[in-house]
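Comments concern the structure below.
The values are calculated or read from the model by the stated rules, or taken from the named source; none is laboratory data. Owing to the predicted nature of the structure, the values given are computational and were not obtained by experimental measurement. Neighbour counts are summed over all protein chains in view; Cβ atoms, including those assigned to glycine, are modelled from backbone coordinates with ideal geometry.
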Amino acid sequence: MAVDEVQKPDAQDDGYALDASLHDSVVEAIEARDTDRIAEVFAPLHPADIADLLEQLSHGERGALLLVWSEGIDGEVLSELEDGVREDVIDLLPAPVLAEAVRDLESDDVVDLLESLEDDQRASILGILDAADRAAVQDALTYPEDSAGRLMQREVVRVPEFWSVGETIDYLRAQTTELPDQFYHVILVDPRMKPMGNVSLGRLLSAQRHVALKDIVEDAFMTIPADQPEAEVAYAFNQYHLISAPVVNGDGRLVGVITIDDAMIVLDDEAEEDILRLAGVGEGSLSDRVFETTKQRLPWLFVNLITAILASMVIAQFEDTIAQFVALAVLMPIVASMGGNAGTQSLTVAVRAIATKDLTGSNLTRVVLREAGVGLVNGLIFAVVMGVVGVAWFGSPALGMVIAAAMVINLVIAGLAGILVPVALDRLSIDPALASGAFVTTVTDVVGFFAFLALAAAVLL
């Protein structure tokens with residue numbers, strides 16, 4: 001298949017076949033050690049697509065590829081790779097290729113690359129950089145992990161606040177090698193290097209040369225403290241529709257700038273992290289090896305085992321009741337399962353609302369009452385359904401009444417637990433996405449089994 005055909009799938013193709021075809025083409029070229037074919041396949045691809053292909057290859061296939069063809073791995077490809085694969089690639093790249101790739105990166109991308117590396121790899125990368133770049137990167141690494149100081153880039157376009165449009169344009173044209181590859185604003189600074197405002201490139205280019213910059217500054221302007229958590233930075237960009245924002249140190253002086261692309265990456269990472277943690281699978285990827293994946297998942301499977309034992313202990317308290325009414329063993333998983341699903345629904349909404357700061361102390365009571373109301377309504381609906389099932393299946397109106405009442409109780413409790421558990425954990429400075437699922441599952445299982453079996457013991461015996 002020609003490369004052009006691979007790059008232009010049918011309009012109804014979902015894209016999966018495209019990736020598989022590219023992967024197969026690369027593997028065949030690697031096995032044949034056909035460097036021309038490898039170069040032909042990779043040439044039209046975006047760096048992100050090249051990174052995806054490298055992640056799909058096995059460790060051995062990556063090594064074979066980089067042994068015969070490494071010149072296409074540039075800084076952009078490195079910055080797109082997952083952490084584990086990136087370490088692999090850095091170890092395998094020839095020193096000259098790695099040096100050229102790292103020199104292509106902006107300072108924030110170099111910092112991001114170094115954060116995930118072992119000490120020996122980090123030292124190797126720092127040794128490649130020029131003295132000025134090395135000093136800037138090392139300074140950025142002194143800021144707390146996952147802070148604005150780590151996220152920002154040091155390449156900043158700044159001019160005195162008293163300049164005119166003409167002076168600024170002349171200055172920018174003269175800085176042919178000093179400007180960042182991409183920037184959206186010119187930052188105005190006072191003599192103490194404190195940012196005073198932003199001028200967008202659109203306003204700069206559309207204004208007359210004699211116009212003072214301070215007359216065309218944007219209304220939406222805010223500075224970001226260098227030690228501010230990056231999750232809060234991303235929230236500010238999303239909330240206030242920022243394109244870029246200057247970063248300041250403790251004295252309020254300009255030390256860098258954060259742009260919208262970096263902020264959106266953080267937002268995506270936060271959302272992905274929440275999803276993975278809610279499922280108890282950590283922050284792994286498909287490229288992780290068996291031991292790494294097992295280590296990430298084992299702790300939460302153990303927590304689930306403990307919760308299952310607690311639920312079993314509740315069941316054990318009603319052995320005599322279950323022995324007399326075997327139908328209870330058939331029906332009680334339904335109550336717990338419905339409660340677990342309802343709790344997960346409330347929990348997912350709550351965790352996302354906490355992350356986006358939509359759930360606060362001012363609206364907590366209203367949200368809790370809403371979830372309790374939803375649980376009550378759903379409980380009543382399914383109570384009718386299960387009541388009818390209980391009567392039709394086992395011919396016992398009393399049994400139908402018991403499972404109906406237990407269904408209402410557990411769905412109401414599930415709705416409350418789904419909201420209150422993550423809120424409580426958040427106030428204890430524990431990540432609600434990481435720990436809420438186990439607690440909510442415990443509550444719904446224990447309450448579901450206890451409510452159903454205790455009611456059965458009271459009504460049926």
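As an exercise: evaluate Ala433 against (1) buried (at least 23 other Cβ atoms within 10 Å of the Cβ); (2) within 20 Å of Gly339 (Cβ to Cβ); (3) not basic (Lys, Arg) and give the number of the one condition it does not meet.
Against the list (1) buried (at least 23 other Cβ atoms within 10 Å of the Cβ); (2) within 20 Å of Gly339 (Cβ to Cβ); (3) not basic (Lys, Arg), Ala433 comes up short only on (2).
Here's a check for you: in the range 429-450, which residue that is polar (S, T, N, Q) and touching a Gly at 6+ places or on another chain (Cβ under 9 Å) is nearest to Ala405 (Cα to Cα)?
Taking the range 429-450 as the starting set, the residues that turn out to be polar (S, T, N, Q) are 429, 436, 441-442, 444.
Going one step further and asking which of them are touching a Gly at 6+ places or on another chain (Cβ under 9 Å), we end up with 436, 441, 444.
On the way: Ser436: 26, Thr441: 20, Thr444: 15 Å.
That would be Thr444.
Residues to consider are Leu411, Leu376, Leu420, Leu416; find the one that is in the same structural domain as Ala329 (by TED's automatic domain parsing), at pLDDT 90 or above and over 31 Å from the mean Cα position of the chain (by Cα). Steps first, please.
On the way: Leu411 fails: over 31 Å from the mean Cα position of the chain (by Cα); Leu420 fails: over 31 Å from the mean Cα position of the chain (by Cα); Leu416 fails: over 31 Å from the mean Cα position of the chain (by Cα).
The match here is Leu376.
Read through the list (1) at pLDDT below 80; (2) assigned to a helix (DSSP H, G or I), then give the number of the only condition that Glu71 fails.
(2)
When only residues in the range 423-461 that are among the β-branched types (Val, Ile, Thr) and farther than 21 Å from Ile306 by Cα count, which is modelled with the lowest pLDDT? Break it down into steps so the answer makes sense when it comes.
Here is the first cut: in the range 423-461, the residues among the β-branched types (Val, Ile, Thr) are 423, 430, 440-444, 446-447, 459.
Going one step further and asking which of them are farther than 21 Å from Ile306 by Cα, we end up with 423, 459.
On the way: Val423: 92, Val459: 86.
Among residues in the range 423-461 that are among the β-branched types (Val, Ile, Thr) and farther than 21 Å from Ile306 by Cα, the one modelled with the lowest pLDDT is Val459.
Would it be correct to say that Val402 is assigned by TED's automatic domain parsing to the domain that holds Lys357, at pLDDT 90 or above and in contact with a Gly (Cβ under 8 Å, 6 or more places away or on another chain)? Before you say what the answer is, go through the steps one by one.
Values: assigned by TED's automatic domain parsing to the domain that holds Lys357: yes; at pLDDT 90 or above: yes; in contact with a Gly (Cβ under 8 Å, 6 or more places away or on another chain): yes.
Yes: the conditions hold for Val402.
Hey, does the range 324-346 have a residue that's part of a helix (DSSP H, G or I) and modelled with pLDDT under 85? Reasoning before the result, please.
Taking the range 324-346 first, the residues part of a helix (DSSP H, G or I) are 324, 327-346.
Of the ones still in play, those that are also modelled with pLDDT under 85 are 324.
Scanning the range 324-346 turns up at least one residue that is part of a helix (DSSP H, G or I) and modelled with pLDDT under 85.
Got a sec? Which strands (runs of 3 or more DSSP E) wholly within the range 125-223 have at least 2 residues that are buried (at least 19 other Cβ atoms within 10 Å of the Cβ) and in contact with a strand residue (DSSP E or B) (Cβ under 8 Å, 6 or more places away or on another chain)? Spell out the reasoning first.
Numbers: elements: 158-160, 185-189, 195-200.
Fully inside the range 125-223 and qualifying: 185-189, 195-200.
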